[in-house]
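See structure below.
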Amino acid sequence: MTTPEPQPPSPQPSAPVSKDRVYRSPAGISGGVLVLALALWLGIDALVTGEGGTRWKALAALVFLVPLVAAYTVRPAVFANEDRLRVRNPFRVIVLPWGEVASFRSAYSNEVFAEGGDKYQLWSVPVSLRGRKKAARREDRRAAGGGRGRGMLGGMGQLQLGGRTDGAGSTAVQADGPVRAQGDKTMDELRELWEARKDAASSKGAVTVRWAYEIVVPVVAGAVGLAVLLGVG
């Protein structure tokens, strides 16, 4: 009779990892792609048809401009999950556990403050004053429309204008909250997530900042090379 071989213990299921919410600027990405396409077109044309030092200047300009434009337009993003906020800015990546976040501020730019007092700008969540004015006008129109709707409902009983009727037969106009610009909506979501998770055990840790050398090195090299070529003529 054979003795059954002991079976290895079955692996324990790992704890589920919350997915990141990603916040980027579609307008910034679109503009960056257009600028990059134009720069590549002009640069490659200069490399192909240029003569003498023109080719070297075009090459240095491409090495300088392409990563620089990409850093300010395509690269920025904010990643948020239940444990931390990760901010990918043009030249740095900042990771802030929710327990280390002190506050958010929205003025002419959107910023997050760490407990130690450091401030980091959220490049991918731009402030649009035009968007805020547009949202304010829409909110004013909605408030005015709601007031007229309540007046008509008061006089006509069951007539509904975008509203609902409760069990007692009375009618109420639904309100989904004030109209907000997209950047302000994003900041509201980040604040809500921070308030809900800042005291969680998995949201503790230290703030880390990493420089994006893959962007910094070519930008510096291209700038130095272009300056030297322009200096020597």
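The values are calculated or read from the model by the stated rules, or taken from the named source; none is laboratory data. No experiment lies behind these values; they were computed from the predicted model shown. In this analysis, Cβ positions are derived from the backbone assuming ideal geometry, glycine residues included, and neighbour counts consider all displayed protein chains. The area values use the complete protein model at the heavy-atom level, side chains included, leaving out ligands, DNA and RNA. Shrake-Rupley method; radii C 1.70, N 1.55, O 1.52, S 1.80 Å.
Couple of notes before you dig in:
- Cβ-Cβ contacts under 6 Å between residues 6 or more apart (or on different chains), taken from a first residue in segment 200-213 that is on the phi > 0 side of the Ramachandran plot and in a loop (DSSP other than H, G, I, E, B) to a second residue that is surrounded by 14 or more Cβ atoms within 10 Å (Cβ to Cβ) and not hydroxyl-bearing (Ser, Thr, Tyr), are listed as Gly205/Pro97.
- Pick from segment 10-23, criterion open to solvent by 100 Å² or more (accessible area, probe 1.4 Å) and under 28 Å from Met187 (Cα atoms), ranking: modelled with the lowest pLDDT: Pro16
- Of the criteria (1) open to solvent by less than 60 Å² (accessible area, probe 1.4 Å); (2) in a helix (DSSP H, G or I), which one Ala27 fails: (1)
- Close pairs (7 angstrom Cβ cut-off, 6 or more residues apart or separate chains): in contact (Cβ under 8 Å) with a residue 24 or more places away in the chain in segment 87-103, assigned to a helix (DSSP H, G or I) and among the hydroxyl-bearing types (Ser, Thr, Tyr) anywhere: Pro90/Tyr72; Pro97/Ser203; Trp98/Ser203; Gly99/Ser203
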